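Visitor: Please see the structure below; I have some questions.
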Amino acid sequence: MENGEPLDRVARIQADWRRERPDLDVRPQAVIGRLHRLAGRLTEELALVYGRYGLGEGEFDVLCALRRAGEPYERAPGELAAHTMVTTGAMTKRIDRLERAGLVTRRRADDDQRGRIVALTGPGRELIDQAFTDHMRNERHLLDLLTPAEAASLETLLTSWLSRMDHPRAAGGE
């Protein structure tokens, strides 16, 4: 027990490491280990909603990127890859699956016959609008496990940390 509360999995792992390697500072595990566990749990919870619509996380991301583009709900595959942070090879596989499902179409770009454009179909737009509505409801449910003040503090901390990871020079790194 720590502070009268039972040790969670991360605290137990830290206690084991402190016993086995007292020469190492294992305090970072308190944050990193819990974030890692939380990320896995959140992914599981989010994937449940995607699955209700026959989508994986990747397909959901592609449909969201197209929907966020605004009318006519289309982007080039390279743009989609940039908006979803995946390689163009992975993007091609996602687009193939979505096209087979009738949720997107591909066509040649008007200004470049070598280029392609991916567009949401009517059924694709209907599906992502429903799925995203449920996704936001699910995220709200997950975030409501925190108080509004806790959620606001966490958002501030995570925003700052991510910014420093993404731009180490601006954060005083080398």
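The values are calculated or read from the model by the stated rules, or taken from the named source; none is laboratory data. Being a predicted model, the structure only gives us computed values, none of them experimental. Note that we place each Cβ from the backbone using ideal geometry, even for glycine, and neighbour counts take in every protein chain shown. In case anyone asks, the SASA skips ligands and DNA or RNA and just uses the protein heavy atoms, side chains included. Shrake-Rupley method; radii C 1.70, N 1.55, O 1.52, S 1.80 Å.
Visitor: Label points 7 Å out from Cα along the Cβ direction at Leu143 and Glu71: separation in nm?
Guide: Those two pseudo-labels are separated by 2.9 nm.
Visitor: Simple spin-label model, 7 Å along Cα-to-Cβ: Thr105 to Arg18 in nm?
Guide: Taking the simple label geometry, Thr105 and Arg18 are separated by 6.3 nm.
Visitor: Would you grab the residues whose amide H sits under 5 Å from the one on Arg116? Only those 5+ places off in sequence or on another chain, please, with H modelled 1.01 Å from N.
Guide: Close amide H contacts, sequence-distant or interchain: Ala109.
Visitor: If you don't mind, another one. Can you give the helix-only mean residue ellipticity at 222 nm for the chain, where every DSSP H stretch with n ≥ 4 adds -39500 (n - 2.57) and the sum goes over all residues, rounded to the nearest 500 deg cm²/dmol? Mind dumping the intermediate values first?
Guide: Details: 7 runs with 111 residues, N = 174.
Mean residue ellipticity at 222 nm (helix-derived): -21000 deg cm²/dmol.
Visitor: Hey, another quick one. Give me the angle, in degrees from 0 to 90, between the Cα long axis of helix 57-68 and the longest principal axis of the Cα atoms of the chain, rounded to the nearest 10.
Guide: 60
Visitor: Sticking with this one: Kirkwood hydrodynamic radius (Cα pairs, Å) of the chain?
Guide: On the way: mean 1/r = 0.0515 Å⁻¹.
Every distinct Cα pair counted, the radius reaches 19.4 Å.
Visitor: Here is a further query. Sorted from largest to smallest, which semi-axis lengths in Å does the alpha carbon gyration tensor of region 27-83 give for its equivalent ellipsoid, taking the root of 5 times each eigenvalue? Mind dumping the intermediate values first?
Guide: On the way: eigenvalues 179, 48, 12 Å².
Calculated on Cα positions only, the semi-axes equal 30, 16, 8 Å.
Visitor: With a 1.4 Å probe and all protein chains left in place, how much of the accessible area of region 24-91 comes from carbon and sulfur atoms, in whole percent?
Guide: Working: 2320 of 3940 Å².
For region 24-91, the apolar C and S fraction of the accessible surface comes to 59 percent.
Visitor: By how many degrees, between 0 and 90 and to the nearest 10, does the Cα long axis of helix 28-52 differ from the longest principal axis of the chain?
Guide: Here the helix axis deviates by roughly 30 degrees.
Visitor: Under the rule that an exposed site lies in a DSSP loop and has at most 14 other Cβ atoms within 10 Å, name the longest stretch of the chain with no trypsin sites (Lys or Arg not before Pro) of that kind, not counting the sites themselves.
Guide: Numbers: sites that count: Arg114, Arg169.
By the stated rule (loop sites, at most 14 other Cβ atoms within 10 Å), 1-113.
Visitor: Quick one: length gained pulling Leu38 to Asp134 fully straight, 0.36 nm per residue minus the C-alpha distance? Kindly include the intermediate steps, with their values, before the conclusion.
Guide: Working: separation 96, 0.36 × 96 = 34.56 nm, distance 2.05 nm.
Working it through step by step, the gained length comes to 32.5 nm.
Visitor: Could you tell me the ratio Rg/Rh of region 43-125? Both radii from Cα atoms, Rh via Kirkwood. Let's see the in-between values first.
Guide: Numbers: Rg = 12.4 Å, Rh = 12.8 Å.
For region 43-125, the value is 0.96.
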